[in-house]
Amino acid sequence: MLDCPGEQPRALTVAKDAKFMASVKQTDEAAGEPIEFNIVRTIDELIENIDVISSVGNKTASSITLKSKTHTRLSLRTLAYMIMQLQQLQARHSAPHWRRQLAQRDQEVERLNQVIELQSKRIKCLEVNIETLLTWASDTQALLTDLSKTEEKVENRALRLREVATAMQQYQDDVSSGASTARQWAPAANSGLRVAAGGNAADDPGGNVILIGSVKDFERNAVHGLKLNGIVALEDTALGSSSNSNVANAGNVARLPMSGGSARGEVEYFDEAGYIRGGALRTGEDPYIRNRFNQEASDALPSNRDIPDTRNPMCRTKKYREDLAETSVIITFHNEARSTLLRTIVSVLNRSPEHLIREIVLVDDFSDHPEDGLELAKIDKVRVIRNDRREGLVRSRVRGADAAVSSVLTFLDSHVECNEQWLEPLLERVREDPTRVVCPVIDVISMDNFQYIGASADLRGGFDWNLIFKWEYLSPTERAARHNDPTTAIRTPMIAGGLFVIDKAYFNKLGKYDMKMDVWGGENLEISFRVWQCGGSLEIIPCSRVGHVFRKRHPYTFPGGSGNVFARNTRRAAEVWMDDYKQHYYNAVPLAKNIPFGNIDDRLALKEKLHCKPFKWYLENVYPDLQAPVPQEVGQFRQDATECLDTMGHLIDGTVGLFPCHNTGGNQEWAYSKRGEIKHDDLCLTLVQFARGSQVVLKACDDTENQRWLMREGGMVRHHKINVCLDTRDHNEQGISAQRCNSALASQRWAFTKYA
């Protein structure tokens, strides 16, 4: 707080102002008549008398009468009197007199300016103090809110600890009475996180507490689903005690017992550290080799680590409906690092209201080590399904969805971390409209050090005609509209596909996934088209945040190669949903036409059954920003009917040459655009120099002059700016070059054959 200048007493200020005004009035009254009038009047009288004296002086002395002399004397006296009066007036109205008056007024003006300046400073000081007080009030309110939440957490934790203590005491009583034969509490050494500070160290079992035991033994003490600085798992032995680890046969899924079995009512800790060690790196092993992220950095982090709350502040004050439906969380994985998989599960349980998580269905897509998933089945609410062969993301997700018991499905990747209140805003949007498919904002988890980084909420999903997903910023108009309320949902033409919530009945009605898609890729494209064209909508919910580990390449293998699998899946989506616009995809990715895509009759029948809209409607109403590409003709450039223009497998900055025509497209497929570009995919034939003999190479199409060619009569392909033509004379040594045009040369004659 600032010490502001004091205000002068009001009576004193009024007295000074009155004195000043009185001095001004007194000065004006002392002058009598206006000074200018007195001086003019005196001068006029003086001139009149001088005229009289002058007229008398011009007469002859003989004619001066006594009367005239008397008049002259009188005039002289009058003149002397007037001179004396003028001198008095001069003294009365002299400059020093007015300078004194002006000086007095200047002093009063200066005093008033000082008063004004003092009051201005005082006002500014008060404004600063008011702002400081408002800030203190806001900070105090926030502190009180935090203290209230902390107090509530402490009270809940104390209550839960008391419940555990009661359960333990009852368990010990049962043991002493011979009701069961179970071993005593046996905390695992170095098993993860410690219980929150403030408890009795002697009673601290150590580790991220995950209890295992019979549900029935704990129901009377309300321990089922308990969270103690982490998660609690209860193994329902009534679901089976067989040691057979493969429990996911024909959809018959049960919770897995502990290795070797356990007595009913037995309580123990989940050995987090032991679980992580079971999948740890070998000495000297590259930490990136297994998962294409730094597994060493992941293994060093606790499963319930703190992450920053990256939501907009307005999201933190939002209230959500209390009639939200519970959800089944479906997570598929294949050879996932144990630490990231466990951290995914813990974040779901710890950062979600307990009553909204019905179950977590883990679908192990035939990982090399079945124990990766089987050990996690000990955790409460976790069910594990293991495929008996590699099925891929799509079929594994459908298997998990079929096994789910909740009316709402939540799909997550196996290397994510859910943020605060991530679930409620998603469930609310689906509760309001079951045809909505909603996604969180996907934050970034660094693949190198696992730093959690907030992503922009002004993004949506999109794609180009190559049908590859991309993030793109909302338009300036949309961003301006969201400025007033950044919590509003964002319509998105496409979803990334890894994380979303959908009503189960609507998921089934829409045809689930295309079950003939393999491994990974293209499924997000297909479900995005299907949802929009068949009456639903896709949204990104800014108040929901989930972090995701983004990798530069896949850590697992694709049967048949990743490129072929992705092209096959993408082509299936294009053939079913894009109508005639699929030709733009084939123009952008010509090689895709050589990849078989299988039978799509069932998906076309589904499209007809659901009365889905055409792709033209999708472009006009959902994604008008995706403009149709410039028309172009696709075919091959032949020479001598037997050889064709070929990329020779080269990419950017590579030369082109001649190769025997094989009529299967590939490196010999070219598009000739209306702008005069000769294109192979997104690469254009480019003149290196504007000179004869220049090389012609492949460069990214950029609409520059050195990429424009003209098709001339006689088969010559001439550059549009200078007189050079494509020439094959030296193609064996330096590739195709640009030489001076000469219609007589066979090496410059080409035939462009369009594809049917």
Out of (1) in a strand (DSSP E or B); (2) modelled with pLDDT under 90, what's the single condition that is false for Asp703? (1)
Residue check, Thr664 against (1) in a loop (DSSP other than H, G, I, E, B); (2) among the hydroxyl-bearing types (Ser, Thr, Tyr); (3) in the same structural domain as Arg568 (by TED's automatic domain parsing), all met but one. Which one? (3)
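Suppose we filter Phe690, Phe752, Phe659 for residues that are assigned to a loop (DSSP other than H, G, I, E, B) and of a type in the set (Phe, Trp, Tyr); which single one remains?
Among Phe690, Phe752, Phe659, only Phe690 is assigned to a loop (DSSP other than H, G, I, E, B) and of a type in the set (Phe, Trp, Tyr).
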Inspect region 445-460 for any residue being hydrophobic (A, V, I, L, M, F, W, C), out of contact with any strand residue (DSSP E or B) (no Cβ under 6 Å at 6 or more places or on another chain) and surrounded by 20 or more Cβ atoms within 10 Å (Cβ to Cβ) and give the result as yes or no. yes
Given the options Arg321, Arg316, Arg343, Arg351, name the one that is under 18 Å from Ser446 (Cβ atoms), in the same structural domain as Arg431 (by TED's automatic domain parsing) and among the basic types (Lys, Arg). Arg343
It is to be established whether one or more residues within region 556-567 are outside any helix (DSSP H, G or I), surrounded by fewer than 22 Cβ atoms within 10 Å (Cβ to Cβ), within 30 Å of the chain's Cα centre (by Cα) and at pLDDT below 95. yes
Filter result (outside any loop (DSSP other than H, G, I, E, B), in contact with a Gly (Cβ under 8 Å, 6 or more places away or on another chain) and modelled with pLDDT of 90 or more) within region 708-739: Trp709, Leu710, Ser737, Ala738, Gln739
So, Val361, is that one in contact (Cβ under 8 Å) with a residue 12 or more places away in the chain, aliphatic (A, V, I, L, M), in contact with a Gly (Cβ under 6 Å, 6 or more places away or on another chain) and within 22 Å of Val546 (Cα to Cα) or not? yes
Test: residue in region 394-402 that is assigned to a loop (DSSP other than H, G, I, E, B) and of a type outside the set (D, E, K, R): no
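For the subset of region 272-322 comprising residues that are part of a loop (DSSP other than H, G, I, E, B) and among the polar types (S, T, N, Q), which member is surrounded by the fewest Cβ atoms within 10 Å (Cβ to Cβ)? Break it down stepwise before answering.
Step one: filter region 272-322 for residues part of a loop (DSSP other than H, G, I, E, B), giving 279-294, 300-312, 318-322.
In the following step, the residues that additionally are among the polar types (S, T, N, Q) were identified as 283, 291, 294, 303-304, 310, 312.
Details: Thr283: 5, Asn291: 21, Asn294: 19, Ser303: 26, Asn304: 22, Thr310: 18, Asn312: 16.
Going through the qualifying residues, I end up with Thr283.
Can you name the residue in region 577-621 that is small (Gly, Ala, Ser) and over 33 Å from the mean Cα position of the chain (by Cα) and is also modelled with the lowest pLDDT among such residues?
Of all residues in region 577-621, those small (Gly, Ala, Ser) come to 588, 592, 598, 605.
So of that shortlist, the ones also over 33 Å from the mean Cα position of the chain (by Cα) come out as 598, 605.
Values: Gly598: 95, Ala605: 98.
This residue is Gly598.
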Check whether at least one residue in region 418-438 is of a type in the set (Asp, Glu), surrounded by fewer than 24 Cβ atoms within 10 Å (Cβ to Cβ) and over 20 Å from Val546 (Cα atoms), and report yes or no. yes
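Take the residues in region 570-583 that are in contact with a Phe, Trp or Tyr (Cβ under 7 Å, 6 or more places away or on another chain) and crowded, with 19+ Cβ neighbours inside 10 Å; name whichever of them is farthest from Leu626 (Cα to Cα).
Our first condition is that a residue be in contact with a Phe, Trp or Tyr (Cβ under 7 Å, 6 or more places away or on another chain); within region 570-583, this holds for 571-575, 577-579, 581.
Subset that is crowded, with 19+ Cβ neighbours inside 10 Å: 571-574, 577-578.
Working: Arg571: 19, Arg572: 20, Ala573: 17, Ala574: 15, Trp577: 16, Met578: 13 Å.
Within region 570-583, the match that is farthest from Leu626 (Cα to Cα) is Arg572.
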Subset of region 503-531 that is modelled with pLDDT of 95 or more and β-branched (Val, Ile, Thr) - its residue that is surrounded by the fewest Cβ atoms within 10 Å (Cβ to Cβ): Val531
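The values are calculated or read from the model by the stated rules, or taken from the named source; none is laboratory data. This is a predicted model, so every value here is computed, not measured. When we count neighbours, we look across all protein chains shown, and the Cβ atoms used for this are built from the backbone with ideal geometry, even at glycine.
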